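This report concerns only the one structure given below.
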Amino acid sequence: MQLVAQENKKDSITQLDEIVLIEDVIAKKATGITASSAIGPTTFEKFNPIDIASAMNQVAGVYILSGALNTNRITIRGVGARTPFGTDKLRLYFNGIPVTNGTGSSTIEAFDFENLGAIEVIKGPKATSFGANLGGTILLDTKNPQGDETKLANNFTIGSYGMLKENLSFQHSNQNLDLTFSYNHFETNGYRQNNSFDRDGLLLNTNLKMNSKSSLGLLINYIDYTAQIPSSLNQTDFDEDPTRAAGNWLAAQGFEANKYTLAGISYSYEFGQNLKNTTSIFYSYLDHYEPRPFNILDEFTNGFGLRSQFEGNLGNAQYTFGGELYKDEYHWGTFQNLFRDNNGNGSLQGERLSRNREFRRQLNLFGTLTYTLSPMLSAQIGLNLNNTNYNFQDLFNQGAENTSAERDFNTILLPSLGLQYLFANGKLYANISRGFSNPSLEETLTPDGVINPDIAQETGTNYELGAYVALLKKKFSINITAFRMNINNLLVAQRTGEDQFIGRNAGETRHQGIEMDIKYAHRLSPKMVLSPYLSYTLSDHSFVDFVDGENDFSGNPLTGVPKNRISSGVDLLHTNGLQLNLTHQFVDKIPLTDANTLDSDSFNIFNAKLAYQAALSPHFSLGLNVGANNLFDANYAQSVLINAVGFGGALPRYFYPGNDRNFYGGVRVGYLF
């Protein structure tokens, strides 16, 4: 939401003579009539500037399970909930550049929350132009400078657990050039043992208008962080002292160190009023080092690709078509971890255990056509074609023990169809779309490390009906969607060791539910507005056909997904720059085993933030904020690990504790040149 008012040109901060509450003005990238959800600065500013998970959890149907700042698992409509660690089965884009790697893994923690201007979520496999993954697509976009201004801003935040966060940004915009450069630093000791985090990052984003028809953009994003890993806890430790780290991770002083670079160049050209092309080339590099109790992982990845999209109009039709090619080369090896022989000094690298290399390629071709049948009715058809190839090279074992292999999945064609009907106070829409998910290369391996040719891609067809209605002069709005998707060839990651998972196709799941967003703006006085809102997600997901050995789990609720989830809150805004945000999240119990013999506890979390913003002069502006998270000091699991297994007689570790009651405060200083 934002405040819209008459502007006093003499001040660097808008003077608010009249207050109206509206949504963030976000230009969505989802083509045609695809329904998507977008959040922007209004939502971001309600939370701690390191808490991207809470902001995204405001979106119905989306749930981030955050085991730590560097351990996030994004699920959309239950897809991805069975992934042991990290995020897969969706595609992630940053300023239009795909940042999902060759096996479908995405890391949202590679981007500084304070640099983002918008997050758009396309739920389900109907994105077409951005892939047709079963989970959907998430589009991250950086903040754009305002027209014809140059400004320097510094956000400085401190908080509990020794937290310090700084974001220094410079933005310039004129008729021909938009430029943003920012530096960010973040450090914290963390709530738990072995939980410190230290990150530095740089962002450069430019767009140069070369002439009336063409523009050239450059994007560079770099981060360097080291994060200790406390890992998950068993039920006893979680109940008695959630600040503990897992014993083996604490003894090894486990951590991960990452250096990540993303660079891209894009060129846009308008051939005429009815045809435009945008082409991007991009490169990414990730250097990752992670000592774990069971071994030390040392890896690096070089990725590169090309994306080109045409869009235009033809009579009553709007169309897009293009292609996207992504390749990466992944090198990784493991070593012994001799931490037990290191006199309590943590991890110590020993002899090499493995050395491997993968070449991974994914090609997407896409096209959509949206046709206006009448002023009220439009239809869209889309096609996405995907081809994926893995080439695995074992550079360590020789002869018969060598496990090198190649896997080329069949080319898959994924259609979609959408209808939209507009009426005076809103719209109705319907979508049918087909999607897929690839197994990672590791999931295609047998316990002996040989590729299993019987592993197939997950596929599913999604059906969706939705409505949006705005009433009372748009002060009240409701957006409700019902969906159903059956996924075949369900991929199950079976744990065979502390660092070994194998995959297999184990049946079928049904994902169905309801997503609802309700918002209302009430004027308390000429200068004050109260805005309550509620986002509700019903996830009635289940195994349709799932037999694991002698166990038949058919009919059980899907593991790792809460059935009910609510994100709600109240915003109070005053024209003098004062703002109060109260937010609440309810998460239902989560089944932790496929047999549904154990659930996590449901929980409620309440947060609050008070902020003030003012213009000190025509050039200087000042913002102050204080906030509190987990106001009632609940002990809750912020993330869970499903089907956990205890090794060596230890209890299985299911729970990643959330932080206890904690506080933060910040100062923002801006200078307008």
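Rolling a 1.4 angstrom probe over the protein heavy atoms with all chains in place gives the stretch 51-114 an accessible area of 17 Å² per residue.
A straight chain from Glu351 to Gln175 at 0.36 nm per residue would run longer than the Cα-Cα distance by 57.5 nm.
Straight-line reach from Lys276: taking Cα to Cα under 18 Å and skipping same-chain neighbours fewer than 8 places apart, the lysines in range are Lys28, Lys29, Lys209, Lys213.
Here the accessible area of the chain is 55 percent carbon and sulfur, with a 1.4 angstrom probe and all protein chains present.
Using unit Cβ charges (K, R positive; D, E negative) and no other charged atoms, how large, in debye to the nearest 20, is the dipole of the stretch 567-673 about its Cα centre?
360 debye
Computed from the alpha carbon atoms alone, the convex hull of the chain holds 152 Å³ per residue. Evaluated with a Cβ-only charge set (Lys, Arg +1; Asp, Glu -1), the stretch 78-173 carries a dipole of roughly 460 debye about its Cα centre, given to the nearest 20. Farthest toward the positive end of the dipole of the chain, out of Asn184, Asn431, Tyr664, is the Cα of Asn431, where the dipole comes from beta carbon charges about the Cα centre.
Electrostatic tally near Glu290: other residues with Cβ closer than 9 Å to its Cβ, Lys and Arg +1, Asp and Glu -1, net -2. Here the calculated FRET efficiency for Ala650 and Phe85, from their Cβ-Cβ distance with R0 = 30 Å, stands at 0.95, rounded to the nearest 0.05.
Over the stretch 605-652, the hull volume per residue, using the convex hull of the C-alpha atoms, is 137 Å³.
Summary value for the stretch 366-488: 19 percent relative contact order, contacts being C-alpha pairs under 8 angstrom separated by 6+ residues. When only Cα pairs below 8 angstrom with a gap of at least 6 residues are kept, the chain shows a relative contact order of 12 percent.
Order these peptides, 550-562, 389-401, 61-73, 174-186, by their mean beta-carbon neighbour count within 10 angstrom, highest first.
Highest mean packing first, the order is 61-73, 550-562, 174-186, 389-401.
For the stretch 413-423, backbone phi angles converted through the Karplus equation (6.51, -1.76, 1.60; θ = phi - 60°) give residue-by-residue couplings of 9, 10, x, 8, 9, x, 10, 9, 10, 9, 9 Hz, Gly and Pro being listed as x. Among 319-327, 644-652, sorting by the average number of other beta carbon atoms lying within 10 angstrom of each residue, highest first, gives 319-327, 644-652.
Find how much the distance from Asn302 to Leu152 grows on full extension, using 0.36 nm per residue of separation minus their present alpha carbon separation; answer in nm with one decimal. Working shown, then result.
On the way: separation 150, 0.36 × 150 = 54.00 nm, distance 3.39 nm.
The Asn302-Leu152 span can extend by a further 50.6 nm.
Whose amide H sits under 5 Å from the amide H of Phe255, counting only residues 5 or more places off or on another chain, with H placed in the peptide plane? Those qualifying (amide H under 5 Å, at least 5 residues apart or on another chain) are Ile229.
With a simple spin-label model that places each label point 7 Å from the Cα along the Cα-to-Cβ direction, the separation between Leu218 and Asp454 comes to 5.4 nm. In the chain, the calculated helix contribution to ellipticity at 222 nm averages -500 deg cm²/dmol per residue, counting -39,500 (n - 2.57) for every DSSP H run with n ≥ 4. Amide H contacts for Gly86 (H built 1.01 Å from N in the peptide plane; partners 5 or more residues away or on another chain; cut-off under 5 Å): Asn72. Fully extending the segment from Asn211 to Ala424, taken as 0.36 nm per residue of separation minus the present Cα-Cα distance, adds 72.7 nm. For the stretch 338-419, the spread of Cα positions along the three principal axes, ordered from largest to smallest, is 76, 38, 12 Å.
Which FRET efficiency value, to the nearest 0.05, is calculated for Tyr671 and Leu204 with the Förster distance at 22 angstrom and r the Cβ-Cβ distance?
Efficiency, rounded to the nearest 0.05: 0.65.
Report note on the peptides 127-138, 228-239, 340-351: ranked by the mean count of other C-beta atoms within 10 Å, highest first, their order is 127-138, 228-239, 340-351.
Cα centroid distance between the stretch 242-273 and the stretch 509-582, in Å? Using only Cα atoms, the two centres lie 27 Å from each other. Of the residues Asn345, Asn258, Leu297, the one whose Cα sits farthest towards the positive end of the charge dipole of the chain is Asn258 (charges of +1 on Lys and Arg Cβ, -1 on Asp and Glu Cβ, taken about the Cα centre).
Paramagnetic label reach from Ile281 (point 7 Å along Cα→Cβ; backbone nitrogen cut-off under 17 Å): within the stretch 290-324, residues 303-309, 323-324.
Between Asn604 and Ser105, the distance separating the two model label sites (each 7 Å from Cα on the Cα→Cβ line) works out to 3.9 nm.
Taking the alpha carbon gyration tensor of the stretch 625-672, multiplying each eigenvalue by 5 and rooting it gives semi-axes of 38, 14, 8 Å, largest first.
Computed about its Cα centre, the charge dipole of the chain is approximately 2100 debye, with only Lys, Arg, Asp and Glu carrying charge at their Cβ.
Across the stretch 650-666, coupling constants 3J(HN,Hα) worked out from phi with the 6.51/-1.76/1.60 Karplus curve, θ = phi - 60°, read 7, 5, x, 9, 9, 10, 10, x, x, 5, 6, 4, 8, 10, 7, x, x Hz, and Gly and Pro carry x.
In summary, the stretch 576-668 shows an alpha-carbon radius of gyration equal to 1.63 times the 2.2 N^0.38 Å reference for compact globular proteins.
Extending 7 Å from Cα along the Cβ direction at Asn564 and again at Asn343 yields two label points whose distance is 5.8 nm. A viscosity of 1.002 mPa s and a temperature of 20 °C, combined with the Kirkwood radius over Cα pairs in Stokes-Einstein, give a translational diffusion coefficient for the stretch 48-118 of 170 µm²/s.
Pairs exceeding 23 Å between alpha-carbon atoms, taken from Lys89/Lys165; Lys475/Lys589; Lys473/Lys527: Lys89/Lys165; Lys475/Lys589. Counting only residues at least eight positions apart within a chain, or on another chain, the aspartates and glutamates with an alpha carbon under 18 Å from that of Lys143 are Glu23, Asp24, Glu45, Asp51, Glu109, Asp112, Glu114, Glu120, Glu166, Asp178. Per residue, the convex hull spanned by the Cα atoms of the stretch 207-249 measures out at 138 cubic angstrom.
Can you compute the equivalent ellipsoid semi-axes for the stretch 285-435, i.e. the square root of 5 times each eigenvalue of the Cα gyration tensor, sorted largest first and rounded to whole Å? Working shown, then result.
Working: eigenvalues 495, 77, 34 Å².
Listed largest to smallest, the semi-axes of the stretch 285-435 are 50, 20, 13 Å.
Here's the picture: charge each Lys and Arg Cβ at +1 and each Asp and Glu Cβ at -1 in the chain, and of Asn195, Ser416, Pro618 the one pushed furthest to the positive end of that dipole is Pro618.
The values are calculated or read from the model by the stated rules, or taken from the named source; none is laboratory data. In this text the structure is predicted, and so the values were computed from the model without any measurement. Backbone-built Cβ (ideal geometry, glycine too); neighbour counts: all protein chains shown. Protein only, heavy atoms only, side chains kept; ligands, DNA and RNA dropped before computing areas. Shrake-Rupley method; radii C 1.70, N 1.55, O 1.52, S 1.80 Å.
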